[in-house]
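First the structure, in the form of C-alpha cells, and then the observations on it.
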Amino acid sequence: MNLIENLAGEICKIILPINEEVFFGNPKSSLAICTLSSMDLLKEIANSNLLSKVALVGRLFSENKGIDSLVRHVISNKNLETILLCGKDTPGHKPGHSLLNLYKNGVDSQGRIIGSSSPDPILTITKSEVLEFQNQIKLIDEINETSISKIRLSINSAVKI
C-alpha cells in the first residue's frame with residue numbers, strides 16, 4: 001500500500017503542482033502565520049504591510065510531512081514564539097486540526113498525533129522535538145478565518161517586535 005500511496009503522491013505533484021510558498025518578513029518578529037490551504041490569503045498577507053510585522057507567512061497542506069517540516073523549522077528558529085493558524089483547512093487531510101492536536105496532546109509511541117482524525121497523522125519528528133515545539137510556541141487558533149481585517153487584529157494583539 002505504501003508504494004501505491006507514494007506513486008499516487010508523485011503523480012499528484014506532476015498533475016497538480018503545489019508551490020512551496022513561504023514569504024519572509026521581519027526577522028525581529030516572533031510571530032509566524034500559517035494560512036493552511038488558503039493560497040490567496042497567503043499572497044494577500046505577503047503583499048500587504050502585515051509582512052513587516054511577522055517573521056514569515058506560509059501554508060500547510062498535509063498532516064504528516066507538512067507538520068514535520070513546520071515543527072523542525074520552528075524549533076530551529078528560537079525567535080519564533082507564536083503561530084497564528086488561519087485560513088481554510090485542507091479538506092480530508094485537516095492539517096490545521098492535526099497541528100492543534102499535536103500542540104495540545106503530542107504524539108504516541110508510533111509518532112501518531114494523539115486526538116487527530118486526519119487519515120495519516122504520523123510524524124517522523126521525535127517526542128523531544130514535539131515537546132520543544134509545545135514549550136516554545138503559543139498557537140493561536142483562527143482556523144477558517146480568511147478576513148484580512150480580522151487577521152490584522154489578531155496580528156496586532158499578538159505581535160512582539
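The values are calculated or read from the model by the stated rules, or taken from the named source; none is laboratory data. Source: prediction; values computed, not measured. For neighbour counting, all protein chains shown are included, and Cβ atoms are generated from backbone atoms with ideal geometry for every residue, glycine included.
Are any of the residues in the stretch 147-154 aliphatic (A, V, I, L, M) and buried (at least 17 other Cβ atoms within 10 Å of the Cβ)?
Initial filter on the stretch 147-154 (aliphatic (A, V, I, L, M)): 148, 151, 153.
Right, trim to buried (at least 17 other Cβ atoms within 10 Å of the Cβ) and you get 151.
Yes, some residue in the stretch 147-154 is aliphatic (A, V, I, L, M) and buried (at least 17 other Cβ atoms within 10 Å of the Cβ).
In the stretch 63-79, what residues are buried (at least 20 other Cβ atoms within 10 Å of the Cβ), over 9 Å from the mean Cα position of the chain (by Cα) and of a type outside the set (D, E, K, R)? Show your work before the answer.
To start, the set of residues in the stretch 63-79 that are buried (at least 20 other Cβ atoms within 10 Å of the Cβ) comprises 63-64, 66-67, 70-71.
Now narrow it down to the ones that are over 9 Å from the mean Cα position of the chain (by Cα): 63-64.
Correct list: 64 only.
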So, in the stretch 32-49, how many residues would count as being surrounded by fewer than 22 Cβ atoms within 10 Å (Cβ to Cβ), in contact (Cβ under 8 Å) with a residue 24 or more places away in the chain and outside any helix (DSSP H, G or I)? 3
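So how many residues does the stretch 42-69 have that are hydrophobic (A, V, I, L, M, F, W, C) and touching a Cys at 6+ places or on another chain (Cβ under 7 Å)? Quick ask: steps written out before the conclusion?
To start, the set of residues in the stretch 42-69 that are hydrophobic (A, V, I, L, M, F, W, C) comprises 42, 45-46, 50-51, 54-57, 60-61, 67.
Still in the list and also touching a Cys at 6+ places or on another chain (Cβ under 7 Å): 60.
Summing the residues that are hydrophobic (A, V, I, L, M, F, W, C) and touching a Cys at 6+ places or on another chain (Cβ under 7 Å) in the stretch 42-69 gives 1.
Test of understanding: among 37, 62, which residue is touching a Pro at 6+ places or on another chain (Cβ under 6 Å) and more than 19 Å from residue 137 (Cα to Cα)? Working first, answer last.
Numbers: 37 fails: touching a Pro at 6+ places or on another chain (Cβ under 6 Å).
Going through 37, 62 in turn, just one is touching a Pro at 6+ places or on another chain (Cβ under 6 Å) and more than 19 Å from residue 137 (Cα to Cα): 62.
For the structure I just gave you, tell me whether residue 52 is of a type outside the set (Asp, Glu) and either within 9 Å of the chain's Cα centre (by Cα) or assigned to a loop (DSSP other than H, G, I, E, B) (or both). Outline the logic, then answer.
Details: of a type outside the set (Asp, Glu): yes; either within 9 Å of the chain's Cα centre (by Cα) or assigned to a loop (DSSP other than H, G, I, E, B) (or both): no.
Considered against the rule, which asks whether it is of a type outside the set (Asp, Glu) and either within 9 Å of the chain's Cα centre (by Cα) or assigned to a loop (DSSP other than H, G, I, E, B) (or both), residue 52 comes out as no.
Would you check which residues across the stretch 109-134 are basic (Lys, Arg) and surrounded by 14 or more Cβ atoms within 10 Å (Cβ to Cβ) and list them?
Within the stretch 109-134, the subset basic (Lys, Arg) is 112, 127.
If the condition is that a residue be basic (Lys, Arg) and surrounded by 14 or more Cβ atoms within 10 Å (Cβ to Cβ), then 112 is the only one that fits.
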Go through (1) modelled with pLDDT of 95 or more; (2) part of a loop (DSSP other than H, G, I, E, B) for residue 60 and report which single condition fails. (1)
With respect to residue 83, is the statement that it is farther than 27 Å from residue 25 by Cβ, β-branched (Val, Ile, Thr), surrounded by 15 or more Cβ atoms within 10 Å (Cβ to Cβ) and in contact (Cβ under 8 Å) with a residue 40 or more places away in the chain true? no
Subset tally (residues that are free of Cβ contacts under 8 Å to residues at least 60 places away in the same chain and either among the charged types (D, E, K, R) or touching a helix residue (DSSP H, G or I) at 6+ places or on another chain (Cβ under 8 Å) (or both)) for the stretch 91-101: 3
Residues of the stretch 102-138 being of a type in the set (Gly, Ala, Ser) and either in contact (Cβ under 8 Å) with a residue 24 or more places away in the chain or within 28 Å of residue 157 (Cβ to Cβ) (or both), in sequence order, are 106, 115, 116, 118
Just give me the residues in the stretch 133-157 being assigned to a helix (DSSP H, G or I), out of contact with any Cys (no Cβ under 8 Å at 6 or more places or on another chain) and within 19 Å of residue 96 (Cα to Cα), in sequence order. 133, 134, 135, 136, 148, 150, 155
